[in-house]
1. Could you tell me whether the range 185-273 comes out rounded, prolate or oblate from its Cα gyration tensor? Rule is a ≥ b ≥ c as square roots of the eigenvalues, rounded for a/c under 1.5, then prolate if a/b exceeds b/c, otherwise oblate.
2. With a point put 7 Å past each Cα toward its Cβ, work out how far Lys26 is from Asp44 in nm, to one decimal.
3. What is the percent carbon and sulfur in the accessible area of the chain, measuring with a 1.4 Å probe over the protein chains and ignoring ligands?
4. Considering just Cα atoms, how many Å³ per residue does the convex hull of the range 300-448 enclose?
5. Would you please give the FRET efficiency between Gln6 and Lys123, computed as 1/(1 + (r/R0)^6) with r the Cβ-Cβ distance and R0 = 30 Å, to the nearest 0.05?
6. Modelled label-to-label distance, Ser447 and His244, 7 Å Cα→beta-carbon offset: nm?
7. With a 1.4 Å probe and all protein chains left in place, how much accessible area per residue does the chain have, in Å²?
8. For the peptides 200-206, 168-174, 216-222, 28-34, what is the packing order when you average, over each peptide's residues, the other Cβ atoms within 10 Å and list the highest mean first?
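The values are calculated or read from the model by the stated rules, or taken from the named source; none is laboratory data. Treat the numbers as computed from the prediction; the structure is a model and nothing was measured. Note that we place each Cβ from the backbone using ideal geometry, even for glycine, and neighbour counts take in every protein chain shown. Heads up: the accessible areas ignore ligands, DNA and RNA and are worked out on the full protein's heavy atoms, side chains in. Shrake-Rupley method; radii C 1.70, N 1.55, O 1.52, S 1.80 Å.
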Amino acid sequence: MEKIWQEVQFNISKVMTPQTFNAWIKPIRFQSVQGDYLILEVPDSFSREFIKEKYSGIISEAMTALTSTSYSLEFALQEKRDPIPETPVPAPEAGIDSNVNKAKSEKEADFQTFLNPKYTFEKFVCGSSNQFAYAASQAVANNPATNYNPLFIYGGVGLGKTHLLIAIGNQILASNSSARICYYTSEKFMNEMINSLRHKKMDEFRNKFRKADVLLIDDIQFMANKPATQEEFFHTFNSLYESHKQIVLTSDKFPKEIPDLEERLRSRFEWGLIADIQPPDTETKSAILKKKAEFDGIMLPDDVALFLSSSSASNVRELEGMLVRLGAYSSLTNSKITLTMAREVLKDIIVDKSKDISIESIQKTVADHFQLKVSDLKSDKRIKTLVVPRQIAIYICRELTKASYPEIGEKFGGKDHSTVIHSVKKIEKLFAQDNEIRNTIDFIKRSLLS
Ligand code: ADP
Ligand code: MG
């Protein structure tokens, strides 16, 4: 990532005078990536304000161009570092700029956890698709460990699970600044556990969790097929639950659907409340965009908000990406956002489904791209080199044509509609997580649309 940042700087240097570049962009250092956030370090608070105001757009755009991911930017102040650091660079979780967090972590040396201050309830737009999860999260934040324990939030990628999870933590911290909130992804839980095992520090590892007042575990589905992690987590869960500490979990799957999840864990996940988040409807999408635009100081006219929200994006992260792109474009070209501009800037992303593309042409293009035969895409062969291209082809059919699931299945050698849905979901997920897949799909789509 550090490398990517250097490249971004280099690209930016080409579009501004050397003076401006040296004064503002060159001193910016890469710090870390946290979820959707790119954290950059700047020398002082004056340059922070200035860079935020003037160069956020350019930086986001250059970042997106290079990584195909739209990051939100956060600027932290550079710490005065010793010329030769004695200890390794601190873990990224040690925190962004907030000195509050730093003071806290000094007090609780083994309790380093970072909660992104941007994920709050105020910034969460509530609509019919997410109101249950929203209300449940608020209830938990207002009265931890009373009614709903554990709270299990589940929903698809990019729908706001992490946002709500962290909002719970932030809200609890706001009313009790000494609360020990422990936020972990299950992946990090596993990695730390493995490290602790290796370095014979399991007691430390266990004690840390057991000291938490609130345990927030993100993406618990990652523990699928990982019995040792599940075993350890089972004990963590029990000890906190028994001492009446709040536990909140998120997952993209219902407990029953997590493969190879130990029965005793599954039943515990169902002890409290399970709240789901569905993809937002057009109205909610529009409201989310407007709120986000307002916070970021982007002037987003109503017709453009409507255009974006009636697009096929079913996921808030994608919507935000579009907005970032528009914002960057408008600040780079010094022009207002209009519907015409939005159509132009987002033409690769928002697909005009009226543009009659046939399933056959999609199959042909995907097959050519992967150097396969169309008949292989239609077959049932389960070889890995065929499965992913086949799923990609199906996904693109869903995106670019008006064909229904059964119609698509029919054209892929008579597959039933649940197979088609499965493929679409699979790729949606990969699309959100895997740059390479995303680039491939974008590339194929572009060649179909051009
Ligand atoms: P998940 O964890 O479910 O994959 P995230 O919580 O990371 O999704 O959400 C993706 C992005 O969308 C985040 O930037 C988040 O702030 C934003 N987001 C999701 N839902 C909402 C909402 N209802 N209101 C405002 N922002 C939202
Ligand atoms: Mg998440």
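1. Details: a/c = 1.88, a/b = 1.24, b/c = 1.52.
Oblate.
2. 1.8
3. 51
4. 112
5. On the way: r = 32 Å, r/R0 = 1.05.
About 0.40, to the nearest 0.05.
6. Taking the simple label geometry, Ser447 and His244 are separated by 6.4 nm.
7. Per-residue value: 51 Å².
8. The densest-packed peptide leads the list: 216-222, 168-174, 28-34, 200-206.
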